[in-house]
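Inspection log for the structure reproduced underneath, given as structure tokens.
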Amino acid sequence: MELKLIDNKGDNTLENLISEKVTKHSKISIQTAAFSIFAFHALQKEIKRSKELRLVLTKSFFEKEETSFFKAV
């Protein structure tokens, strides 16, 4: 398993990495504090080509004001 930090700038994008490496036997795991439906749509072809996708949203994702999952009282 290869761990790699993707900053989505220039050629260092998740879409580029996945399109180069995904096969029908691939199991994709993504851990992120920010993932949108637009990102999911951009990766949809590669996700369908893979065997499995695991998306782990970190705690900071849920603490953001715009997600409204957790709010400080």
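In the stretch 9-20, is there at least one residue being touching a strand residue (DSSP E or B) at 6+ places or on another chain (Cβ under 9 Å) and in a helix (DSSP H, G or I)?
Narrowing the stretch 9-20 to residues touching a strand residue (DSSP E or B) at 6+ places or on another chain (Cβ under 9 Å): 14, 18.
Of the ones still in play, those that are also in a helix (DSSP H, G or I) are 14, 18.
Within the stretch 9-20 (the criterion being touching a strand residue (DSSP E or B) at 6+ places or on another chain (Cβ under 9 Å) and in a helix (DSSP H, G or I)), the answer is yes, since at least one residue qualifies.
At pLDDT 80 or above, of a type in the set (Ser, Thr, Tyr) and surrounded by fewer than 11 Cβ atoms within 10 Å (Cβ to Cβ): is that true of Thr32 in this structure? Talk me through it step by step, then tell me what you get.
Details: at pLDDT 80 or above: yes; of a type in the set (Ser, Thr, Tyr): yes; surrounded by fewer than 11 Cβ atoms within 10 Å (Cβ to Cβ): no.
It is false that Thr32 is at pLDDT 80 or above, of a type in the set (Ser, Thr, Tyr) and surrounded by fewer than 11 Cβ atoms within 10 Å (Cβ to Cβ).
Which residue is least open to solvent (accessible area, probe 1.4 Å), if the candidates are limited to the stretch 35-73 and must be over 15 Å from the mean Cα position of the chain (by Cα) and at pLDDT 80 or above?
It comes out as Arg49.
The values are calculated or read from the model by the stated rules, or taken from the named source; none is laboratory data. This structure is a prediction, so every number in the text was calculated from the model and none was measured. Glycine gets a Cβ as well: all are built from the backbone with ideal geometry, and neighbour counts include every protein chain shown. Ligands, DNA and RNA are stripped out before the accessible areas are found, and what is left, the full protein with its side chains, is counted by its heavy atoms. Shrake-Rupley method; radii C 1.70, N 1.55, O 1.52, S 1.80 Å.
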